[in-house]
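Nothing in this text is a laboratory measurement; each read-out follows from the coordinates by a stated rule. Computed from a prediction, not measured in an experiment: that's the story for all the values here. So basically every Cβ, Gly included, is an ideal-geometry build from the backbone, and we count neighbours across all protein chains shown.
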Amino acid sequence: MPAEIEAGIKEIIQRNYNVKSFRLEIGDILDFKAGQFLSVCIGGNPKLKKYLSISSSPTEKCYLEFTKKLSESDFSRALDNLKAGDRLTIRYPFGKFILDGFSSKIAFLSGGIGITPIRSICKYIVDKNLGTDAVLVYSNRSVRDIIFKDDFEAMQKNYPLLRVAHVLCETEPGFKCSVGLIDSRIVKNEIPDYRQRKFYLCGPPQMVEAMRKILAEELGLGEEKIVRENFQGY
């Protein structure tokens, strides 16, 4: 059952121009699985509450981290005004966007802030050296929008079975990527053995549904090979 606790902010990390990670000190860490999410309430105000993915891995023992794209919402503004030492009310864990333990070859399709639970899962795979062959196809508008860029570069160096392929709308000289949006052509090019993999899709609901249709209707994968997580808002 999810537990409710008061947690102090240990550190705030600026991930890019409009995304921040918040690392929480929670004492004895409650067990959770990579890919799950939590609820965050600011100042005990039920109007300032959101469900957010946990972006840290269970292998990172000294903190619990969530990552948020900051918008003009009341919640985002309140979150952006917090500093180290401030306290939040959290409940966790929730969700079933987790590894099944049986698939030796997996793939992730994601866009923007949808990368947060995938970062948790990939970090867990790398730290545990699970031997899972994983490919991430990650879509963003431009290089400046990429979240956890350095983290994924470090993970790929330490774990050759992880490969990250970027898909951008706006290219930058010297940066390797596909151009446009994730479609069946990109999936085939970046994941030629896609029929052998289980797919994890995460992002805004419309994007997740579009990617599901690509896999199921255009590429002929069964629904049992597709795991989805929808982000309902920012």
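With neighbour counts taken as other beta-carbon atoms within 10 Å, the residues Glu229, Glu217 rank, fewest first, as Glu217, Glu229.
Using a cut-off of 16 Å between alpha-carbon atoms, which aspartates and glutamates can reach Lys69, once sequence neighbours fewer than 8 places away in the same chain are excluded? Cα-Cα hits under 16 Å: Asp80, Asp145. Do the alpha carbons of any pairs in Lys68/Lys198; Lys68/Lys96; Lys10/Lys213 sit beyond 30 Å of each other, and which pairs? From Lys68/Lys198; Lys68/Lys96; Lys10/Lys213, over 30 Å: Lys10/Lys213.
Can you return the lysines within cross-link range of Lys157? Criterion is Cα-Cα under 17 Å, with same-chain partners fewer than 8 residues away left out. The reachable lysines, counting only those whose Cα sits under 17 Å from Lys157, are Lys123, Lys128, Lys149, Lys176. Quick one: compute the contact order of the range 3-94, relative version, from alpha carbon pairs under 8 angstrom and 6+ residues apart, as a percent. Relative contact order of the range 3-94: 41 percent.
Local charge for Val208 was computed over the other residues whose Cβ lies under 12 Å away, with Lys and Arg +1 and Asp and Glu -1, and equals +1.
Indicate, rounded to the nearest 5 percent, the antiparallel portion of the DSSP beta bridges found entirely in the chain. Don't skip to the end; give the middle numbers.
Values: 30 of 56 bridges.
Here the share of antiparallel DSSP bridges comes out near 55 percent.
Here's the list of aspartates and glutamates a cross-link from Lys83 could span, going by alpha-carbon distance under 18 Å and ignoring same-chain residues fewer than 8 apart: Glu6, Glu11, Glu25, Glu65, Asp74.
For the range 47-115, the alpha carbon positions stretch 42, 27, 19 Å along the principal axes, listed from largest to smallest. Shown for Ile90, Ile115: other C-beta atoms within 10 Å of each C-beta, ranked fewest to most, produce the order Ile90, Ile115. Taking 0.36 nm per residue of sequence separation and removing the Cα-Cα distance, the Ala154/Glu172 pair yields an extension gain of 4.4 nm.
For the range 174-234, rounded, prolate or oblate, judged on the Cα gyration tensor with a ≥ b ≥ c (square roots of eigenvalues), a/c < 1.5 rounded, else prolate if a/b > b/c? It comes out oblate by the Cα gyration axes. How many percent of all Cα-Cα pairs in the range 4-93 sit more than 18 Å apart? Beyond 18 Å sits 37 percent of the P(r) for the range 4-93.
Taking label positions 7 Å along the Cα-Cβ direction at both Glu60 and Glu209, the computed distance is 3.2 nm, reported to one decimal. Radius of gyration (Cα atoms) of the range 105-230, expressed as a multiple of 2.2 N^0.38 Å: 0.98.
In the range 3-94, with Lys and Arg counted as +1 and Asp and Glu as -1 at Cβ, which of these residues, Gly8, Ser73, Gly43, has the Cα nearest the positive end of the dipole, that is, farthest along it? Checked the options; the winner is Ser73. Taking the helices alone, the chain has a mean residue ellipticity at 222 nm of -5500 deg cm²/dmol, built from -39,500 (n - 2.57) per DSSP H run of at least 4 residues and averaged over all its residues.
Using the Cα centre of the range 3-94 as the reference point, and only Cβ charges (+1 on K/R, -1 on D/E), how large is the resulting charge dipole? Debye, rounded to the nearest 20.
So the dipole magnitude of the range 3-94 works out to roughly 280 debye.
For a paramagnetic label modelled on Arg195 (point 7 Å from Cα along Cα→Cβ), amide N atoms under 14 Å away are absent within the range 92-125.
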